[in-house]
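Each remark here refers to the structure printed beneath this line.
Bear in mind these aren't lab numbers, they're just calculated from the coordinates by the rules spelled out. Quantities reported herein were computed from a predicted structural model and do not represent experimental measurements.
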Amino acid sequence: MSPRSYNSPGRDVAASQTKERIVAAAAAILGSAKGVEDFSLEAVAKAAGVTRLTVYNQFGSRRAVLEAVFDAVAVRGGLHRLVEAMAAPDPHAALARIITIFCEFWSFDPGALGLLHAVGSSNPEFAESISARNERRRRLLAGVIRRIAEDTPMRQAPLRPKAQRDLVDVLFALTSFTFFAQLTTEGRTAEAACRMVQDLAQDAVRRATGQKG
């Protein structure tokens, strides 16, 4: 009779706490002066008070640790609400809600997000990770624009595939961290910047679909 595996609840909790500690340590390193220069499994392990093998067993690679940091930031910043936004019956309302969620996310911890994007710009390995996450935002916007195209009244000119791609590209730029960060300079509040993004996005959709303002 083969022995059955047994997972202790206490062991699971301890493993989860260790993982959270590792992610927190990694985030702290990325937010330090040297950032990516000091980012390694050894450095993360030391900061978290565990062995390098523990970090490796939990994540497997340096990039996986970075992904975990991104995931933690996304959860704290409320990106899980995007699922609910996409479920809105009206695609225009869905788009407005998506923009609001990203504005709130970008303003949640702009210093940390700025550092994470800076990491991506200075390291090819991490740039791939950031690019992949940005492409998720592009696919999200593309899905909403397809719905808007399908809802366009017959009396209006149809939103052709190329026009849809162009519109998605515009919205992708408008909802980026870089664009939002530029709008919140010179004392402009996050709320005011978000209103500007909303207005620009609505204008882009109106122009693409031939709607009158």
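The length gained by stretching the chain between Arg206 and Ala173 to full extension, at 0.36 nm per residue less their Cα-Cα distance, is 10.2 nm.
Extension gain, Ala181-Ala24: 0.36 nm per intervening residue step, less the Cα-Cα distance, totals 54.1 nm. Net length available on complete extension from Lys46 to Ser32 is 3.6 nm, with 0.36 nm assigned per residue and the Cα-Cα distance removed. Would you please classify the overall shape of the stretch 42-90 from the alpha carbon gyration tensor, given that a ≥ b ≥ c denote the square roots of the eigenvalues, rounded means a/c under 1.5, and beyond that prolate means a/b larger than b/c while oblate covers the rest? Taking the square roots of the gyration eigenvalues as a ≥ b ≥ c, the stretch 42-90 is prolate.
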